[in-house]
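Reading through the structure tokens given below for one structure.
The values are calculated or read from the model by the stated rules, or taken from the named source; none is laboratory data. As the structure is a prediction and not an experimental result, all values here were calculated from the model. We place every Cβ from the backbone using ideal geometry, glycine too, and count neighbours over all the protein chains shown.
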Amino acid sequence: MLFALGILLYKMASTTRSSEGPNEQSSPLSTPFGPPFDDADAEIILRSSDLVDFYIYRAMLSKTSPLFKTMFSLPQPDASVSEKQRPVIDLTEDGETIAALLSFIYPLAPESISLRGMIGARVAAEKYDMAVIFQHLDERFGVSKIVQDSPVEAFCAAYSHKLGEAARAAARASLKYGMSLDDIGDKLQYTNGPALFQLWKYHRACSAATAKLVSDKHLAWITDSDSDTEPHRTLWSFARSTCTTCSCWKYHYTVGPSRTRWDVAAPWHTYITQAHAILLERPYGKAVAHRSVVGPIFNLEACHICRNTLAGLPAFVDLLRKEVETRVSEVRHFLAHPPDTSPDGSYRRSI
Ligand SMILES: [Zn+2]
């Protein structure tokens, strides 16, 4: 690692040269990025591989990167450079990536970052030893709109670059969508086979782990304790005790380790059946608790006694939602160690 950083440091220092300022480019081909990376009193220029210039304060890079701090402490290659001139540091990343990277350390930087920029910035942050930034990126990646809206594409990109935490965040985000080819649709063109196969296995494992919660008439995950220390148990007792006193057709369930009998009216059975179907397609806790799923259950036909038992349905739904999230959190092994790139580097073609 130190050797690699040393090589990088040497390359960066050896390509450092001077520039007169934002309006006096040392290279006629380079283009200023513009605000907020255009301060006239900035001491250095970061130049991207596609020749975009970023005017940066030295202290901001030193604060976030020990690598840059060390580099700035070394004597400059050209000692005759005047105070008005500033060194240019050529980087191998493109402008989109550098803009994304700097957005995490620069005030007033644009907050909207593309998936490609975010992945590139995460890789660059690790390369330049910017620990604070890549930790921040990992936290932001999973909750970002682009990952929530396009989790399959995000997963493939993160997986291909061996960004384990980002890949796991994208995989979790994918659970609220189906995983069939029709579900993925046009975004299939932005995926790659090995990564998609891993995501599909994870998705299927989560479906299997969660759908079995409501796959038969025994609900083992529900405690049948009469304890009133937890609200859901009180409501569960209410539903169980009043459901058998009418003449409606009942569905026979059992709950808990002691397999306590629970006879429910049609609305309960309908909800459980629908929850199973949903979890097979989308193993996502909020999917079984969504009002579009739960709301219509209260309108199903039942006598007033059975309808009263539905007062316990929200607690049942919430308990199932939490159990789904628990079971999903236990499915991690498929994503624990993203593999290395294939010999021909084909994993890296996704972004
Ligand atoms: Zn009834």
Residue 315, sole failed condition from (1) within 16 Å of the ligand (Cβ to nearest atom); (2) touching a His at 6+ places or on another chain (Cβ under 9 Å); (3) of a type outside the set (Ser, Thr, Tyr)
(1)
Output for Cβ contacts, cut-off 8 Å, separation at least six or different chains, first residue over 14 Å from residue 67 (Cβ atoms) in the range 112-139, second part of a loop (DSSP other than H, G, I, E, B) and hydroxyl-bearing (Ser, Thr, Tyr), reads 113/103; 113/144; 115/150; 118/144; 121/103
Return the only residue of 253, 271, 284 being in contact with a strand residue (DSSP E or B) (Cβ under 6 Å, 6 or more places away or on another chain) and at pLDDT 85 or above.
253
Can you tell me which residue within the range 313-349, out of those that are of a type in the set (Lys, Arg) and at pLDDT 50 or above, is surrounded by the fewest Cβ atoms within 10 Å (Cβ to Cβ)?
332
Hey, can you tell me all the residues within the range 249-270 that are within 16 Å of the ligand (Cβ to nearest atom) and either buried (at least 18 other Cβ atoms within 10 Å of the Cβ) or under 36 Å from the mean Cα position of the chain (by Cα) (or both)?
253, 262, 264, 265, 267, 268, 269, 270
Can you give me the number of residues within the range 171-200 that are surrounded by 16 or more Cβ atoms within 10 Å (Cβ to Cβ) and part of a helix (DSSP H, G or I)?
12
Of the criteria (1) in contact with a helix residue (DSSP H, G or I) (Cβ under 9 Å, 6 or more places away or on another chain); (2) at pLDDT below 85, which one residue 258 fails:
(1)
When both residues are 6+ apart or on different chains and their Cβ atoms are under 9 Å apart, which pairs have a first residue that lies in the range 242-269 and is over 20 Å from residue 297 (Cα atoms), and a second that is within 16 Å of the ligand (Cβ to nearest atom) and modelled with pLDDT of 80 or more?
245/305; 254/262; 255/262; 261/252; 261/253
With the structure loaded, tell me whether residue 204 is over 13 Å from the mean Cα position of the chain (by Cα) and either at pLDDT below 80 or part of a helix (DSSP H, G or I) (or both) or whether it fails that test.
yes
Cross-chain or 6+ apart pairs with Cβ under 7 Å, the range 300-328 first and more than 20 Å from residue 215 (Cβ to Cβ), then among the hydroxyl-bearing types (Ser, Thr, Tyr) and modelled with pLDDT of 90 or more
300/270
With the structure loaded, tell me whether residue 207 is hydroxyl-bearing (Ser, Thr, Tyr) and free of Cβ contacts under 8 Å to residues at least 40 places away in the same chain or whether it fails that test.
no
Picking from 146, 113, 133, 119, which residue would you name as being β-branched (Val, Ile, Thr) and either touching a strand residue (DSSP E or B) at 6+ places or on another chain (Cβ under 8 Å) or not in a helix (DSSP H, G or I) (or both)?
113
Within the range 171-201, restricting attention to residues that are within 20 Å of residue 279 (Cα to Cα) and hydroxyl-bearing (Ser, Thr, Tyr), which residue is farthest from the chain's Cα centre (by Cα)?
180
Residue check, residue 285 closer than 15 Å to residue 212 by Cα and not β-branched (Val, Ile, Thr):
yes
From the residues in the range 271-310 that are within 14 Å of the ligand (Cβ to nearest atom) and of a type in the set (A, V, I, L, M), which one is farthest from residue 171 (Cα to Cα)?
305
When the range 116-143 is examined, which residues are found to be surrounded by fewer than 22 Cβ atoms within 10 Å (Cβ to Cβ) and either under 12 Å from the mean Cα position of the chain (by Cα) or closer than 26 Å to residue 205 by Cα (or both)?
138, 139, 140, 142, 143
